[in-house]
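Q: Sharing a structure, written as structure tokens. Questions coming.
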Amino acid sequence: MLNLLRRRPASVPLIRAAFSAPLHTTGNRPGYIVLVPEIGEEGPLGEGVLKPDGLPAFSDITIEMCLGAIGQQASAVENSVKALETDLQQGKQLDAGGIFRELDNVTGPLETTWGVAKALYLGNSTLIPTKSYMNIHERARNARAAKFCNHTVYKALKDGAAESAGPDEQRLRQKFLLEGQLNGLTLDKEKQDGLKELLTHLGRERASFKNKVNMAVHSFGQVITDFNLVRDFPPPLLEATARDPGQPLEGPWKITLQPQVVDGFLKHCPERLQRWNVWRASVLKASSQQEKSLENSTHLEKIRGLRKRQANLLGYANFADMSMQTKMVGNVDSLKQLFAKLLKFAGPAQSVELDKLQTFAQDSGCDYKLEAYDVAYWRRKQLVAEHGLQEQKLSEFFPLPRVLSGMFALSEKLFGIQIVEQPSAEVWHPAVKFYDVFDADSANSSTPVGGFYVDCYSKEHKFGRNNGWMVGIRNSNRSASLTPLCALIFNFSEGRIPLLSYDDLQMLFKTFGSGLQHLLTQAGYSDLAGLSNIEWDASQVSGHVMSNFLDDPTVIRSLSGHFTSGEPLEAELSQKMRLLKTQLAGYNLCLDLYLADLDVELHRSNAFWLEIVRKLWPVYHCMPLDKKDAHPCSLTDIFAGDWAAAQFSHLYSRLIAADISSSFAEQRSEENYALVGRRYKQTFLSSGGSVPTAEVFRRFQGRDPSGEALLKSLDIFEPSQTTDNN
């Protein structure tokens, strides 16, 4: 095993002291001006990163240390792959288990240092500056990819090195072969060179697309000086838009085109003209309808063309078909059938919902026909007027410390675990806490199966809404004797006890649900543990399963306690809180279906993007498409990120999770919750990526997934409409 045990760093010359300052300093989270050193390849491997107890030495970790460790560990991985290649070329007979254990053993330390850097960067990028982190990220990613891109290892596995191996080894073999195929290892040298050149070109186009969206976002600024227009803003939105975030009630307030700011503004601004102006700027950004130099239509079409060529080179008809190789749904035809079945219920529900909303708005003095930029505002007003659900008032019953303790207690009952805070653990800021997780079902229940950090006050990505991230610091890795470790990072504001909105509760539970899958895995190999090797469209299932417990009024009440009196939420209001999820559920599901189908068609059809939009829009929307609407020109997740022909994965994960949650909901009692929770832990939480998700689902539910549970959870299922065994 690579030596990652902490050693006290030797003294350094004064010229290097600037980037050797400890990351953990004072409660004010100061930043540093950092000279970025070259990533080192020499010296003790991973010096100073871990303590003897296996936890990161956050009190002593320096930026230089992370950079040096990544360089050393990345070289170790690459050298190990080369040594394995040499052995295979010389005819040495290696069994699959031996190959995978060797690779796991050398990769584990690299992934740990990478995870530590990621947690520090997300917690506060002044601890690990962006340039330093990107150096670490690229070096680690390239080294990790080496084992999947080696032709000799690929050929050995393809020719049967794992034929007599166990199920975990067979599963890993499938992963290596698919990764190799998608990386072009089956192509001849000329085509491999062509693929490499194509991907380089594609990377440039994606970067240009993203840069232009960012420039368009920041080129718009609607300044508001009238407090009446922002009086209903929730605190995170006020802080994000105020000139001085420290005094959010003091204007002026600048509205930008950050998506979360736009969503919040449309929901809370009472003046229609102001809403229209922000909405229109948002749907036109990075298009030829605005500044010509920032138009993305050209880049969008080039990206589509390059992705099609990539898919064709690798033997697929189009990029959507290629994408399905890593998805649970399997193929585009099955996905399209699912869209149609869900639309059968969501479409009629949308029409009824919008008619009711129009009636409510007119009864409330509205003298215009509702448009897309009116819906969120009037939905909020309807929830308050008809159901008494005023979100900021409700948040007073959900102070963060009470919700965290309630969420931990619920998880302990559900899954037979114990979550214990360890105050002595080293952390990167005094406000960060560390918890050990004990599993009553493990062979040694007195030894932690894993641990996690909670940082509630990250200063990063404050764009008008609270966010959360589950950062896998390291996977379970038996070959390297490493237990799982993760960090749950949130960007709540410091200085006062955060009061959580319903959206915050959902986000918190989803983040923790993903963390549980990372921590409770029983998979033996790092590349199969936790969320690794899980199909993209099932990767968010565990998060949604956890958040679905918020549908239970009893759970809601158990989490609640007014921040001044401690009184729980009234029973009637706890029953009604589901409306925050189900109000306009048909409308929202149609929006999700449209975006998912649009993404697929943009990566399957040869038609111009605007033609595809005009064809699909009326299928999913009651409201007409604005003539100048150019929203695909700013879809960065799809055209600059990793969600090309994969946007549907968010919805598909929700569908699987709703089906799982229906087993818990059959009888909302502690006994049933514990019974189903144990079954869920023994299947979904323990399997990780060692078993295909479709098979894991069958083991849990005894059948294939159905969309009916999702429709029922949204209150839009009509028994009179057949689901065709959906």
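Q: If we only count helices (runs of 4 or more DSSP H) wholly inside the range 88-206, which ones have 2 or more residues that are over 21 Å from Cys66 (Cα atoms)?
A: 96-123, 151-156, 167-182
Q: Where residues in the range 207-231 are in contact with a strand residue (DSSP E or B) (Cβ under 9 Å, 6 or more places away or on another chain) and part of a helix (DSSP H, G or I), which of them is least open to solvent (accessible area, probe 1.4 Å)?
A: Leu229
Q: Restricting to helices (runs of 4 or more DSSP H) lying wholly in the range 570-657: which have 1 or more residues that are at pLDDT 95 or above and within 19 Å of the chain's Cα centre (by Cα)?
A: 585-602, 636-639
Q: Then there's this: Got a sec? Which helices (runs of 4 or more DSSP H) wholly within the range 372-434 have at least 1 residues that are within 25 Å of the chain's Cα centre (by Cα) and more than 30 Å from Lys627 (Cβ to Cβ)?
A: Qualifying helices (runs of 4 or more DSSP H): 391-395, 400-415.
Q: Considering each residue of the range 424-463, count those that are among the small types (Gly, Ala, Ser) and under 13 Å from Leu516 (Cα atoms), and give that number.
A: 2
Q: Conditions first: (1) over 30 Å from Val613 (Cβ atoms); (2) out of contact with any Asp or Glu (no Cβ under 9 Å at 6 or more places or on another chain); (3) open to solvent by 30 Å² or more (accessible area, probe 1.4 Å). Leu559 passes all but one, so which condition is the exception?
A: Exception for Leu559: condition (3).
Q: Assess whether Ala694 counts as being touching a residue at least 24 places away in the same chain (Cβ under 8 Å), aliphatic (A, V, I, L, M) and open to solvent by 20 Å² or more (accessible area, probe 1.4 Å).
A: Judged against the criteria, Ala694 is a match.
Q: Which members of the range 554-609 meet the condition of being closer than 13 Å to Glu396 by Cα, in contact with a Lys or Arg (Cβ under 9 Å, 6 or more places away or on another chain) and of a type in the set (S, T, N, Q)?
A: Result: Ser560, single match.
Q: Could you say which residue among Leu84, Leu103, Leu94, Leu88 is among the aliphatic types (A, V, I, L, M), open to solvent by 40 Å² or more (accessible area, probe 1.4 Å), in contact (Cβ under 8 Å) with a residue 12 or more places away in the chain and closer than 18 Å to Tyr154 by Cα?
A: Every option except Leu94 fails the conditions.
Q: Right, another one. Suppose we filter Val403, Val427 for residues that are of a type in the set (A, V, I, L, M) and modelled with pLDDT of 95 or more; which single one remains?
A: Val403
Q: Of the residues in the range 484-499, how many are part of a loop (DSSP other than H, G, I, E, B), surrounded by 24 or more Cβ atoms within 10 Å (Cβ to Cβ) and of a type in the set (A, V, I, L, M, F, W, C)?
A: 0
Each row is one residue, and each column tells you yes or no for (1) at pLDDT below 95; (2) closer than 27 Å to Phe339 by Cβ.
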site: Ser663; (1), (2): no, yes
site: Glu670; (1), (2): yes, no
site: Ser690; (1), (2): no, no
site: Thr693; (1), (2): no, yes
site: Leu710; (1), (2): no, yes
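Q: I need every pair where a residue in the range 272-286 that is farther than 12 Å from Asp374 by Cα and part of a helix (DSSP H, G or I) has its Cβ under 6 Å from the Cβ of a residue that is among the polar types (S, T, N, Q) and open to solvent by 40 Å² or more (accessible area, probe 1.4 Å), sequence separation at least 6 or different chains.
A: Short answer, once both residue conditions are applied: Leu284/Gln290.
Q: Restricting the first residue to the range 673-689 and requiring it to be open to solvent by less than 10 Å² (accessible area, probe 1.4 Å), which pairs with a second residue that is outside any helix (DSSP H, G or I) meet a Cβ separation below 6 Å and a spacing of at least six or different chains?
A: Filtered contacts from the range 673-689: Leu685/Leu520; Gly688/Thr521; Gly688/Ala523; Gly688/Ala529; Gly688/Gly530; Gly689/Ser532; Gly689/Asn533; Gly689/Ile534.
The values are calculated or read from the model by the stated rules, or taken from the named source; none is laboratory data. All figures in this text were calculated on a predicted structure; none of them were measured in a lab. When we count neighbours, we look across all protein chains shown, and the Cβ atoms used for this are built from the backbone with ideal geometry, even at glycine. What goes into the accessible areas is simple: the full protein's heavy atoms, side chains included, and nothing from ligands, DNA or RNA. Shrake-Rupley method; radii C 1.70, N 1.55, O 1.52, S 1.80 Å.
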